[in-house]
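Here's the structure, in structure tokens; my notes come after.
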Amino acid sequence: QVQLVESGGGLVQAGGSLRLSCAASGSIFRAMDMGWYRQAPGKQREFVARITSGGLTNYADSVKGRFTISRDNAKNTVYLEMNSLKPEDTAVYYCNSVLGHLSAWGQGTQVTVTS
């Protein structure tokens with residue numbers, strides 16, 4: 001029943017930045033753990049970043065120090081600030097929510113980084 005709507009993807013040159021947004025429906029957003037995953041062509045979906053309902057964060061080693069996940073509970077929105085982008089960051093990025101046994105995924109947003 002949770003719906004996640006993503007925005008902010010696009011085309012950027014290596015070294016540039018993008019900010020992805022994921023807006024969640026419902027009134028229990030603040031209780032959800034939120035995350036970002038990505039899937040590059042020919043590869044499996046991989047974990048990128050997570051932020052818990054309590055605000056604790058963790059990141060994949062490949063993005064640590066470059067990406068920042070944050071949330072604004074008043075806006076029911078989670079963000080992924082991506083800096084120093086590399087061509088290998090090119091992927092479809094998916095927003096994810098977890099609340100107990102319930103999980104939901106966004107539709108995905110394309111991020112393309114050119115060299």
So, with points 7 Å from each Cα along the Cβ direction, the GLN44-GLU88 label distance in nm works out to 1.8 nm
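Multiplying the sequence separation of THR114 and SER53 by 0.36 nm and subtracting their Cα-Cα distance, what value in nm do you get? Please list the in-between numbers first.
On the way: separation 61, 0.36 × 61 = 21.96 nm, distance 3.42 nm.
Working it through step by step, the gained length comes to 18.5 nm.
For the full complex of protein chains and a 1.4 angstrom probe, list VAL2, VAL113 by accessible area with the highest value first.
Numbers: VAL2 40, VAL113 10 Å².
Listed by decreasing accessible area, they come as VAL2, VAL113.
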Given Cα pairs under 8 Å that are at least 6 residues apart, what percent is the relative contact order of the chain? 36 percent
Can you tell me the FRET efficiency between HIS101 and ALA60 if r is taken as the Cβ-Cβ distance and R0 is 30 Å, rounded to the nearest 0.05? 0.75
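How large is the dipole of the stretch 49-103 about the Cα centre if only Lys and Arg carry +1 and Asp and Glu carry -1, each at its Cβ, rounded to the nearest 20 debye? Walk me through the intermediate numbers first.
On the way: 6 positive and 5 negative charges, 22 e Å.
With Lys and Arg at +1 and Asp and Glu at -1, about 100 debye.
Taking a probe of 1.4 Å, how large is the accessible area per residue of the stretch 1-43, in Å²? Write out the running numbers ahead of the final one.
Working: 2360 Å² over 43 residues.
So the stretch 1-43 comes to 55 Å² accessible per residue, rounded to a whole number.
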Return the carbon/sulfur percentage of the accessible area of the stretch 1-52, one whole number, probe 1.4 Å, all protein chains in place. 47 percent
Highest GNM mean-square fluctuation, the chain, Cα pairs closer than 10 Å: which of GLY42, GLY15, GLY65? GLY42
The stretch 20-38-the stretch 86-115 distance, computed between alpha-carbon centres (Å): 12 Å
accessible surface per residue for the stretch 55-115, probe 1.4 Å, DNA/RNA/ligands not counted, whole Å² -> 50 Å²
May I ask you to list the lysines whose Cα is less than 17 Å away from that of LYS43, ignoring any residue fewer than eight positions away on the same chain? LYS86
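The values are calculated or read from the model by the stated rules, or taken from the named source; none is laboratory data. The structure displayed is predicted, hence computed values, not measured ones. Note: ideal-geometry Cβ built from the backbone for every residue, glycine included; neighbour counts use all protein chains shown. Surface areas here come from the heavy atoms of the whole protein model, side chains and all, with no ligands, DNA or RNA. Shrake-Rupley method; radii C 1.70, N 1.55, O 1.52, S 1.80 Å.
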